[in-house]
Amino acid sequence: MEQVTKGSLWKTLEDHSQSLGLYTPQNVINNSTVNRQQFSASACDIQLDYSKQHITNDTLALLISLANKCNLKDKIHGLMRGDKLNISENRAALHTALRVFDDTQIIVNHQNIMPEIIAARNKMQNIVEQIREKIWLGFSGKPITDIVNIGIGGSDLGPRFSLKALAEFTAKDMNYHFIYDVDPNSFSNTVSKLNPETTLFIVSSKSFTTQETLYNAKKAMNWIGKQQHHAKHFIAVTAQPKKAHQFGIQTVLPIWDWVGGRYSFCSAINLITAIAIGFEHFNQLLAGANSMDRHFKESDFSTNLPVLLALLGIWNNNFLHIHNLLILTYSERLEQFVPYIQQLDMESNGKSIDNKGKTVNHATGPIIWGGMGNQAQHSYYQLLCQGTHKVTADFISLNAFDGQIINKMCDAKINVLTAGVNDQENQNGYIPGNTPLNHIRINNYSPFSIGALVALYEHKVFVQSVIWDINPFDQPGVESAKHNYFRHMEHAATEAMTESML
Ligand code: F6P
């Protein structure tokens, strides 16, 4: 199939973007013939307002035609059916299977994988209940009071995001900690006030070879002490159970090679969140993600939230040539959302070789940045108002805060960045506005909403990869860098050894 970015439709979109060159929302807002209210869609307790994007109905129609030309509907069904879309690793990408509850059969290598997913979920639930009900005891017979997740990347960012987002639901008779760095003091700083008798370590690593994780897991083993105590104080979550057993960990929860690390939010990698909020709430998180999966699979593209979010991103990135996406969250509980999306998006679509092995001739994944919206106001907001760089943004707020100052400030920022400020008496205060942006509203930070929000962005990233014809499920750059790094480490060690012998 011809690269869509070289096709006539791509050229039409480029010409269209030129034709809109001076187009700004003000013009449209003032042009009463265009009803901006239509530029919104909602599903799974999430509302998307994209009326501040630099688009017309024609733009949307062309973008949807582009999606159809890329056989997006077939790709979506293939993703959820278990087609091996992770071409370079000859694997499926079945993060959606983790949140299936009906008797769907999903076949990978001629085997229905649902029984093992259900078995893993049941084992996870059993562990969660044993810990929360004080049945799981430490080596001296005391119940667990502190849970420490040792992991990095997708084995840390998702759990850290959901634990913070769902703090309202967490059991208050336990404390939750994350060790994710190789700072020599990370481990000691975390455990300095903890008691080995009542501390449980979750060693989260899909590969069980990540140096940072094993470095801290070894420290944890030494800190717990006697080997016969380890069984009560370690659980491994990994796709490599043999490696975990060899490391000395008896209890292992599985994940699979057809679940990418950055797509493992709904797997046992999120065990610490399930322990904290309880398995009923964790099932609600899975239900929210599953609800978004069904919406994504079944809805017309014109009302399909992941497809709309993706296509608007393609428009801004590839036709308005804005190669970054600012994500601002207006809720303290969503503080860890941006770091999580940074890995999900940039490790997936930060690619320049397409699925045919050709170097791409267009922009791919944007630079994702941002954080808490009100912090931005007192940090880099000046650049957003009067800087020389073009930015596009996703504002994320909670309906539960409507009427409160936080949402009023969110709306005020959106207004300034789109309508601008043109005060004749104060030219230095001129703000051009015209920032193309989305306003995403979730009802509240319920497990269901958080699950749906994560699935929304997972599928947005996937849709963009289909348009760009790149593989979002491998990370050859990271793997190559890791190998280079270890060669450098070994060389340095050899050099040091040689010097020490001189
Ligand atoms: O950064 C590379 C990577 O493999 C990520 O994709 C992954 O989330 C992270 O490192 C941790 O990997 P693991 O879960 O295998 O320890």
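The values are calculated or read from the model by the stated rules, or taken from the named source; none is laboratory data. What you see is a predicted model; the values in this text were computed from it and never measured. Every residue, glycine among them, receives a Cβ derived from its backbone with ideal geometry; neighbour counts consider all protein chains shown. Surface accessibility is based on the protein's heavy atoms, side chains included, excluding ligands, DNA and RNA. Shrake-Rupley method; radii C 1.70, N 1.55, O 1.52, S 1.80 Å.
Using a 1.4 Å probe and ignoring any ligands, DNA or RNA, find the accessible area of Arg132 and quote it in Å² to the nearest 10.
Arg132 has an accessible surface of roughly 80 Å² with all protein chains in place.
How large a share of the accessible area of region 112-188, in percent, is made up of carbon and sulfur atoms when the probe is 1.4 Å and the other protein chains stay in place?
Looking at region 112-188 in its full context, I get 54 percent from C and S.
For region 374-502: lysine pairs with Cα atoms under 26 Å, gap of 8 or more or different chains, count?
For region 374-502, the number of qualifying lysine pairs is 4.
Accessible surface of Arg121 in the full protein assembly, 1.4 angstrom probe, to the nearest 10 Å²?
Arg121 has an accessible surface of roughly 30 Å² with all protein chains in place.
Using unit Cβ charges (K, R positive; D, E negative) and no other charged atoms, how large, in debye to the nearest 20, is the dipole of the chain about its Cα centre?
So the dipole magnitude of the chain works out to roughly 720 debye.
Please say if region 140-218 is rounded, prolate or oblate, where rounded means a/c under 1.5 for a ≥ b ≥ c the square roots of the C-alpha gyration tensor eigenvalues, and otherwise the choice is prolate for a/b larger than b/c and oblate otherwise?
Oblate is the answer for region 140-218, as a/c is 1.5 or above yet b/c matches or exceeds a/b.
Relative contact order of region 360-487: what whole-number percent is it, with Cα pairs under 8 angstrom and at least 6 residues apart?
22
Compute the convex hull volume of the Cα atoms of the chain, divide it by the residue count, and report the result per residue in Å³ as a whole number.
Cα-based convex hull of the chain, divided per residue, equals 183 Å³.
Test of understanding: express the Cα radius of gyration of region 244-357 as a ratio to 2.2 N^0.38 Å, with N the residue count.
Relative to the 2.2 N^0.38 Å estimate, region 244-357 comes out at 1.33.
In region 248-313, carbon and sulfur make up what percent of the accessible area (probe 1.4 Å)?
45
So with the 1.4 Å probe, I'd like the accessible area per residue for the chain, rounded to whole Å².
On a per-residue basis, 43 Å².
Would you list Trp256, Trp369 from the most to the least accessible area, probe 1.4 Å?
The ranking, largest first, comes out as Trp369, Trp256.
Give me the percent of accessible area attributable to carbon and sulfur for region 346-502, probe 1.4 angstrom.
C and S atoms contribute 56 percent here.
Let me check something: with ligands and nucleic acids excluded, how do Lys6, Lys134, Lys356, Lys242 order by accessible area (1.4 Å probe), largest to smallest?
Per-residue accessible area, sorted high to low, gives Lys242, Lys6, Lys356, Lys134.
Leaving ligands, DNA and RNA out of it, rank Ser155, Ser65 by accessible area with a 1.4 Å probe, largest first.
Highest to lowest solvent-accessible surface, that is Ser65, Ser155.
Taking 8 Å as the Cα distance limit and 6 or more residues as the minimum spacing, I'd like the relative contact order of the chain as a percentage.
It rounds to 20 percent for the chain.
To the nearest 10 square angstrom, how much accessible area does Ser192 have with a 1.4 angstrom probe?
Here the accessible area works out near 80 Å².
Local charge sum around Ala363 (other residues, Cβ-Cβ under 14 Å, Lys/Arg +1, Asp/Glu -1)?
Around Ala363, the charge tally is -2.
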